Amino acid sequence: MKVPVLIPKIFNHPFTYDSGQIKPLNLGDVVVVPFGKGQEIGVVWDKIHPIKKKIRLKKIEKRLVDISINKEMINFINWFSMYNITPRGMVLKMCLGNKNNIFKKEKLYSEEKILYKNNFILNTEQKNSLEYLKQKSKKFNVSVLEGTTGSGKTLVYFERIKEVISQNKQALVLLPEIFLTNQFKSRFNEFFKFEPEIWHSKITPKNKRRIWQGVVQNKIKLIVGARSSLTLPFKKLGLIVVDEEHDSSYKQDEGLIYNARDMAIARSYFENIPTHLVTSIPSLETFNNIKNKKYGHTKIKKRYSNFPLPEAKIINLNFSKLKKDEFISEETVRCVKSYLDKNEQVLFFLNRRGYAPFLVCKKCGFKHLCPNCSIYLTYHKHLNKLVCHHCGFKTKKEIKCKKEKELCDFNMYGPGVEKIFDEVKKKFSNKIIKIFSSDYLSSQKSAKLFLNQIEKNEINILIGTQMISKGFNFSKLNCIVVVDADFSGNGYDLRTTEKNIQLYHQLSGRAGRFSSESLIIYQTLTPEDLTLNELIKNKSEELLKKELITRKINYLPPFVRLIAIIISSNQHDLSIRGAKEIKAQLKKISNIEILGPVDSPLLKVKKRFRSRLLLRVSSGVLVQKKITNLLNSLQISSKIKLTVDVDPVNFS
């Protein structure tokens, strides 16, 4: 009997095998098959791929018992592959993971967790939101749980998870950053009296095997994970929660390119289960879907214990007499001191890693450029090296001056968090100050230790990047200083305004969660900026409405679908020529508008020059199959690499 088997490699179709003596074989069975000169594992798929010529079929060698993929997962993989224009085999590879997940058995304990009563009492708003979500619990739907920062949204969806687990079903909670999992773990433990299983790229291979096997056998009921947990082969999935749904970290930009939030909704559709999107400020796509009644919506307007949102203060840097290489005004220092005197914590926020993003020799004008990318190198003081934030290249700062016989003497322009750290250390020399950025939290262990120090109020002042705005809960943090409140953004990024609204809304929510007096200070050179002034009045929803109107006028998402095609090569002329040739072929497809080709704003990355095409399609039209078929039919030079990004978030 002919059997289609999908191999977890870079193929977009299953291979046909003879079942031989192995019967019965069912959809989703995991099998061992001969492939090339060796063996491969594969999964019995849904449709035979047509073959034009007659070939002798190889026989399936073995069916693995106790492991199979359900038909809902197969349907999801097929759709995921089609929508994101990526090979089905690579999506299956994400699902199956390492071969040892299948062949190397780990000891599993049946997870019959006792769901203890806890001491958490929901307030009226939380109860109303919980009841609303319970009404939507029977089949596929998308409901948005929106709540102001610190309103207790987590407690509401914990109650929903408890309900799902009590029905012997599984639940998945997606988080945008792996660093959030530590604090989430302790919150979960406090509520449920047991620890959830955590899934992300940094966990050990043994833990991955144990969790994967527990999920496929329905012995593990709850996973808290980053993007990749979405493709785990759950046996009896009952609920997906996407926390911080607005966060752009859900978009994977390298390798298999996809948006985990959107794919979570797709997975819940195929599983016929609900998805809860949780946010303090929705993404523009979600906001539009709420307006159009496509998504359900419930809102918690007050903070959990009725503490007010922080007061906002704008400090105009045009009138501040800052000394050379200083970035913090005297007025800011006075405000900060008043909070430190009360033994409360302060955060200085600057979304720029390192010490200085731009170095110029005072004598010869030399600038440190990355040899692999078209970008200046950032100086990192703690490494005493210059670093490229795109390819990871590192080099020493010292270089021989072209005008003098000595080494270059550099001016270091612009601040990074390390430069702000030095300035804060001078102004508050008796305080304990730490930097909160990915460069200083390289491991889960160091992150856990750091978070414990913050929670115990052992750190007085934090200097943080965007990472700190994401869902952390610090009880003594009552003053935030935005060192450089710049809302101008990048001209090539259509999402700049939306990202700024979300970032600063989230950031302000870190302050005053357990205090009636909290403050966020915006230091800025543009105090009249419209976005800033609406934000300080807590009118984020009004800003989103205005942004929707702008997008509609300019024919941009969510009113259209964008698909980016990035053509890269070691030679600039090849990338742009390849882009022109591909554009000529794409014109054969009706109902698409093709913009470009243009050079990427960041022209060279990892030694490859990049040109971009942008396809614009009506939002209700799926043209991915046509694009896939056309691209597969092209004879593309081996000197060119083609990358497709459906619903792009990054335009650099």
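The values are calculated or read from the model by the stated rules, or taken from the named source; none is laboratory data. Everything numeric here is computed off the predicted structure, so don't read it as measured data. Cβ: placed from backbone, ideal geometry, glycine included. Neighbour counts: every protein chain shown. Note: areas computed on protein heavy atoms with side chains; ligands, DNA, RNA excluded. Shrake-Rupley method; radii C 1.70, N 1.55, O 1.52, S 1.80 Å.
For the range 331-340, indicate whether the set of residues that are of a type outside the set (Lys, Arg), open to solvent by less than 70 Å² (accessible area, probe 1.4 Å) and in a loop (DSSP other than H, G, I, E, B) is non-empty. Looking through the range 331-340, none of the residues is of a type outside the set (Lys, Arg), open to solvent by less than 70 Å² (accessible area, probe 1.4 Å) and in a loop (DSSP other than H, G, I, E, B). Residues in the range 587-601 that are open to solvent by less than 40 Å² (accessible area, probe 1.4 Å), assigned to a strand (DSSP E or B) and touching a helix residue (DSSP H, G or I) at 6+ places or on another chain (Cβ under 8 Å): Ile594, Gly596, Pro597. When Arg261 is tested against (1) part of a loop (DSSP other than H, G, I, E, B); (2) within 29 Å of Ile566 (Cα to Cα), only condition (1) is not met. Checked against the criterion of being open to solvent by less than 20 Å² (accessible area, probe 1.4 Å), among the small types (Gly, Ala, Ser) and closer than 30 Å to Cys391 by Cα, the candidates Ser283, Ser228 yield just one match: Ser283. With respect to Ser508, determine if the residue is of a type in the set (S, T, N, Q), in contact (Cβ under 8 Å) with a residue 60 or more places away in the chain and under 30 Å from Asn554 (Cβ atoms). So Ser508 fits the description; yes.
Residues in the range 1-34 that are polar (S, T, N, Q) and either at pLDDT 95 or above or closer than 15 Å to Asp46 by Cβ (or both): Asn12, Thr16, Asn26. Among the residues of the range 15-28, those identified as in contact (Cβ under 8 Å) with a residue 40 or more places away in the chain and either in contact with a Ser or Thr (Cβ under 7 Å, 6 or more places away or on another chain) or of a type outside the set (Val, Ile, Thr) (or both) are Tyr17, Asp18, Ser19, Gly20, Asn26, Leu27, Gly28. Taking the range 67-100 as the range and being in contact (Cβ under 8 Å) with a residue 60 or more places away in the chain and over 24 Å from Ser268 (Cα atoms) as the test, the residues that pass are Asn98, Asn100. Filtering the range 407-432 down to residues that are assigned to a loop (DSSP other than H, G, I, E, B) and charged (D, E, K, R), which residue is surrounded by the most Cβ atoms within 10 Å (Cβ to Cβ)? Out of the qualifying residues, it is Lys431.
The C-beta contact set for the range 633-652 (first residue closer than 19 Å to Gly255 by Cβ, second residue open to solvent by less than 30 Å² (accessible area, probe 1.4 Å) and of a type in the set (Ser, Thr, Tyr), distance under 6 angstrom, 6+ apart or interchain) comprises Ile640/Ser569; Lys641/Ser568. With respect to the conditions (1) assigned to a helix (DSSP H, G or I); (2) hydroxyl-bearing (Ser, Thr, Tyr); (3) in contact with a helix residue (DSSP H, G or I) (Cβ under 7 Å, 6 or more places away or on another chain), Thr286 lacks only one, and its number is (3). The number of residues in the range 507-525 being within 21 Å of Thr465 (Cβ to Cβ) and open to solvent by 50 Å² or more (accessible area, probe 1.4 Å) comes to 1. Taking the listed residues Ala564, Ala584, Ala579, the one that is surrounded by 13 or more Cβ atoms within 10 Å (Cβ to Cβ), part of a helix (DSSP H, G or I) and at pLDDT 95 or above is Ala579, with no other qualifying.
Quick grid of which residues meet (1) touching a helix residue (DSSP H, G or I) at 6+ places or on another chain (Cβ under 6 Å); (2) farther than 30 Å from Ala564 by Cβ; (3) of a type outside the set (Gly, Ala, Ser):
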{"residue": "His49", "(1), (2), (3)": "no, no, yes"}
{"residue": "Arg63", "(1), (2), (3)": "no, yes, yes"}
{"residue": "Met73", "(1), (2), (3)": "no, no, yes"}
{"residue": "Ser81", "(1), (2), (3)": "yes, no, no"}
{"residue": "Asn84", "(1), (2), (3)": "no, no, yes"}
{"residue": "Lys93", "(1), (2), (3)": "no, no, yes"}
{"residue": "Leu108", "(1), (2), (3)": "yes, yes, yes"}
{"residue": "Leu133", "(1), (2), (3)": "yes, yes, yes"}
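Those residues that are aliphatic (A, V, I, L, M), closer than 18 Å to Gly354 by Cα and open to solvent by 10 Å² or more (accessible area, probe 1.4 Å), I need them from the range 453-500; list them, please. Within the range 453-500, just Met467 meets the criteria.
On the stretch given as the range 232-276, residues that are within 19 Å of Gly97 (Cβ to Cβ), of a type outside the set (A, V, I, L, M) and either open to solvent by less than 20 Å² (accessible area, probe 1.4 Å) or in contact (Cβ under 8 Å) with a residue 12 or more places away in the chain (or both) total 6. Give me the pairs, please: first residue somewhere in the range 115-128 and closer than 17 Å to Phe188 by Cβ and of a type in the set (Phe, Trp, Tyr), second residue anywhere and at pLDDT below 95 and assigned to a loop (DSSP other than H, G, I, E, B), beta-carbon distance under 9 Å, and either six or more positions apart or on two chains. Within 9 Å, the pairs are Tyr116/Lys193; Tyr116/Phe194; Phe120/Gly152. Taking each residue of the range 386-398 that is farther than 12 Å from Cys373 by Cα and looking for partners that are basic (Lys, Arg) and assigned to a loop (DSSP other than H, G, I, E, B) with beta-carbon atoms closer than 9 Å, six or more apart or interchain, yields Leu386/Lys396; Leu386/Lys397. With the requirement that a residue be open to solvent by 10 Å² or more (accessible area, probe 1.4 Å) and assigned to a strand (DSSP E or B), what does the range 342-377 give you? The answer is Phe358, Val360, Lys367, Leu369, Tyr376.
Do the conditions hold for Lys105, that is, is it in a loop (DSSP other than H, G, I, E, B), open to solvent by 60 Å² or more (accessible area, probe 1.4 Å) and among the charged types (D, E, K, R)?
Yes; evaluated as a whole, the condition is true for this residue.
All but one of (1) closer than 30 Å to Lys185 by Cα; (2) assigned to a loop (DSSP other than H, G, I, E, B); (3) touching a Ser or Thr at 6+ places or on another chain (Cβ under 8 Å) hold for Ile501; state the number of the condition that does not hold. The one condition Ile501 does not meet is (2).
The residues of the range 64-91 that are at pLDDT below 95 and charged (D, E, K, R) amount to a single one, Asp66.
Can you find a residue that is modelled with pLDDT of 85 or more and closer than 26 Å to Ala511 by Cα anywhere in the range 190-207? Looking through the range 190-207, at least one residue is modelled with pLDDT of 85 or more and closer than 26 Å to Ala511 by Cα. Tallying residues that are among the basic types (Lys, Arg) and either assigned to a strand (DSSP E or B) or open to solvent by less than 50 Å² (accessible area, probe 1.4 Å) (or both) within the range 602-652 yields 6.
Quick one: in the range 292-327, of everything that is part of a helix (DSSP H, G or I) and loosely packed, with under 15 Cβ neighbours inside 10 Å, which residue is farthest from the chain's Cα centre (by Cα)?
Pass one, the range 292-327, residues part of a helix (DSSP H, G or I): 317-319.
If we keep only those that are loosely packed, with under 15 Cβ neighbours inside 10 Å too, we end up with 318-319.
Details: Asn318: 36, Phe319: 38 Å.
Result: Phe319.
On the stretch given as the range 538-553, residues that are surrounded by fewer than 17 Cβ atoms within 10 Å (Cβ to Cβ) and either assigned to a helix (DSSP H, G or I) or in contact (Cβ under 8 Å) with a residue 24 or more places away in the chain (or both) total 9.
Residue by residue through the range 433-474, note down the ones that are of a type in the set (Lys, Arg), modelled with pLDDT of 85 or more and assigned to a loop (DSSP other than H, G, I, E, B). Lys456, the sole residue that qualifies.
The test for being surrounded by fewer than 20 Cβ atoms within 10 Å (Cβ to Cβ) and under 30 Å from Thr286 (Cβ atoms) does not hold for Tyr504.
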